[in-house]
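A.B. asks: First, the structure itself, so that you have it in front of you.
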Amino acid sequence: MLITGAAGGLALAGQWPQAGMAKAPRGGTELLHWRGSALGASAEMRLLHPEGMRTGHFVKLALDEIERLERIFSLYRPDSALVALNRDGFLASPPFDLVILLNEAQGLAGRSGGAFDPTIQPLFALYARHFAVSNANPAGPSPHEITRSLALVDYAAMEILPERIAFGRAGMAVTLNGIAQGYLADRVTARLAEAGITDAMVNLGEITALGRAPDGTAWRAGIAGSDQVLDMGTQPGAFAALATSGAAGTLFEPSGRHNHLLDPRTGCSVVAGRLVSVAAATATLADGLSTALAILPRGEGRRLQMQYPGIRVVEGS
């Protein structure tokens, strides 16, 4: 079964493996292959399911979960919870998933010394506005504009409670683009597992894997920008999730000097070509960490890595 959707502008975290994927499923199972989009990125799902069971059932479970979470995390849907929070500066009775993910993001922000900061949205919006005009100064926004936007970037100035989320300053705004795709992948995979799926690989911009591939071996995913391939799945020695962050994911202008990986401490983009992949137990962690490590200088990044035993980090090129 193949469903096609609009392709997004963000690079996929890994490459779908060629070896093993075309082999026949194990006895009593069938292989479902779905393609679409989620949070603006290309999405793909492969899973084994019992013969005779309606494939549309599993696709609907995944799409319903994606739709539910997009209504919470999207920056571009006027009905999303995140849009309401950014517009009003507070949100009463917020969705549980938003509370969970903002707490995760705030915790990573603290451990990374502010290199990962979900309140970076005012700075991102400044760069987007600047380069949206045809005669934009190629040097980027002025130092004064950057300083003014950075005054609104402060992960510690968020109150995150089950009953209320609020910003400490007028004009603050949040983006979860550096971690939400991982959370989507985790939630969709969990939803499929709850429905009885034991073997699956899900790519919603970041990759998660359950069980084994159709031929009984580990699922395998290639790391972007390198020749390394990882065993994936819920089995000994395999990683359950893989995520990649790179400066080329979203460019404000063609040279890549100004890109979406903005350092909240300086207001400037990271060096063009930076690419970091993280394999971890969850795609939420892998996604957030890959974003932070792509922003941090390597020495600081190694200190952050030491706080997360069991992960694997690969610098691409």
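The values are calculated or read from the model by the stated rules, or taken from the named source; none is laboratory data. All values derive from a computational prediction rather than experimental measurement. Cβ atoms come from the backbone with ideal geometry, glycine included; neighbour counts cover every protein chain shown. Ligands, DNA and RNA are stripped out before the accessible areas are found, and what is left, the full protein with its side chains, is counted by its heavy atoms. Shrake-Rupley method; radii C 1.70, N 1.55, O 1.52, S 1.80 Å.
A.B. asks: Whose amide H sits under 5 Å from the amide H of N259, counting only residues 5 or more places off or on another chain, with H placed in the peptide plane?
C.D. replies: Close amide H contacts, sequence-distant or interchain: F252, S269, V270.
A.B. asks: Let me ask you something else. Taking Cα atoms of the range 150-227, Rg/Rh with Kirkwood Rh, to two decimals?
C.D. replies: Values: Rg = 18.4 Å, Rh = 15.7 Å.
Expressed as Rg/Rh, it is 1.17.
A.B. asks: Sort 76-84, 203-211, 256-264, 117-125 by the packing proxy (mean of other Cβ within 10 Å over each peptide's residues), most packed first. Write down the numbers at each step before the final one.
C.D. replies: Values: 76-84: 15.6, 203-211: 28.0, 256-264: 20.6, 117-125: 23.4.
The packing order, highest mean first, is 203-211, 117-125, 256-264, 76-84.
A.B. asks: Turning to a different aspect of this structure: What distance in nm lies between label points placed 7 Å from Cα along the C-beta direction at Q307 and R77?
C.D. replies: Using points 7 Å along Cα→Cβ, the separation is 3.1 nm.
A.B. asks: Quick check on the chain: helices-only [θ] at 222 nm, where DSSP H runs of length 4 and up contribute -39,500 (n - 2.57) each and the sum goes over total residues. Nearest 500, please. Intermediate values should be presented prior to the final figure.
C.D. replies: Working: 8 runs with 99 residues, N = 317.
My calculation for the chain gives -10000 deg cm²/dmol from helical runs alone.
A.B. asks: Quick one: Karplus J couplings for the range 268-280, per residue in order, coefficients 6.51, -1.76, 1.60, θ = phi - 60°, nearest Hz, x for Gly and Pro?
C.D. replies: Values, residue by residue: 10, 7, 6, 4, 4, x, 5, 8, 10, 10, 10, 9, 8 Hz.
A.B. asks: Angle between the Cα long axis of helix 180-194 and the longest principal axis of the chain, 0 to 90 degrees, nearest 10?
C.D. replies: Rounded to the nearest ten degrees, it is 30.
A.B. asks: Near the amide H of A43, under 5 Å away, which other amide H atoms are found, from residues 5 or more places off or on another chain, if H is placed in the peptide plane?
C.D. replies: The answer is G36, S37, A38.
A.B. asks: Then there is this: Please turn the phi angles of the range 166-179 into ³J(HN,Hα) values with the Karplus equation 6.51 cos²θ - 1.76 cosθ + 1.60 (θ = phi - 60°), one per residue in order, whole Hz, x for glycine and proline.
C.D. replies: 8, 8, x, 9, 5, x, 5, 7, 10, 10, 10, 5, x, 8
A.B. asks: Related question: When N is the residue count of the range 202-285, what does its C-alpha Rg come to as a fraction of 2.2 N^0.38 Å? Please report the intermediate quantities before stating the final value.
C.D. replies: On the way: Rg = 15.5 Å, N = 84, 2.2 N^0.38 = 11.8 Å.
Cα-based Rg divided by the globular estimate yields 1.31.
A.B. asks: Please report the carbon-and-sulfur percent of the accessible area for the chain; probe 1.4 Å, protein heavy atoms only, DNA, RNA and ligands left out.
C.D. replies: 55
A.B. asks: So what are the ³J(HN,Hα) numbers for the range 99-106, from phi and the Karplus equation (6.51, -1.76, 1.60; θ = phi - 60°), rounded to whole Hz, Gly and Pro as x?
C.D. replies: 4, 4, 6, 5, 5, 4, 5, 5
A.B. asks: Just the number: Rg to Rh for the range 104-172, Cα atoms, Kirkwood Rh, two decimals.
C.D. replies: Numbers: Rg = 14.1 Å, Rh = 13.3 Å.
Value, to two decimals: 1.06.
A.B. asks: What are the chymotrypsin sites (Phe, Trp or Tyr not before Pro) within the range 182-250 that DSSP puts in a loop, where the Cβ has at most 10 other Cβ atoms within 10 Å? Numbers along the way, then the final one.
C.D. replies: Numbers: sites: Y183, W219, F239; in loops: none.
Sparse-neighbourhood loop chymotrypsin sites (Phe, Trp or Tyr not before Pro): none present.
A.B. asks: Something else now. Please list the non-local residues whose amide H lies under 5 Å from the amide H of W219, H modeled 1.01 Å from N, same-chain partners needing a gap of 5 or more.
C.D. replies: Sorted by chain and number, the residues that satisfy this are A213, M232.
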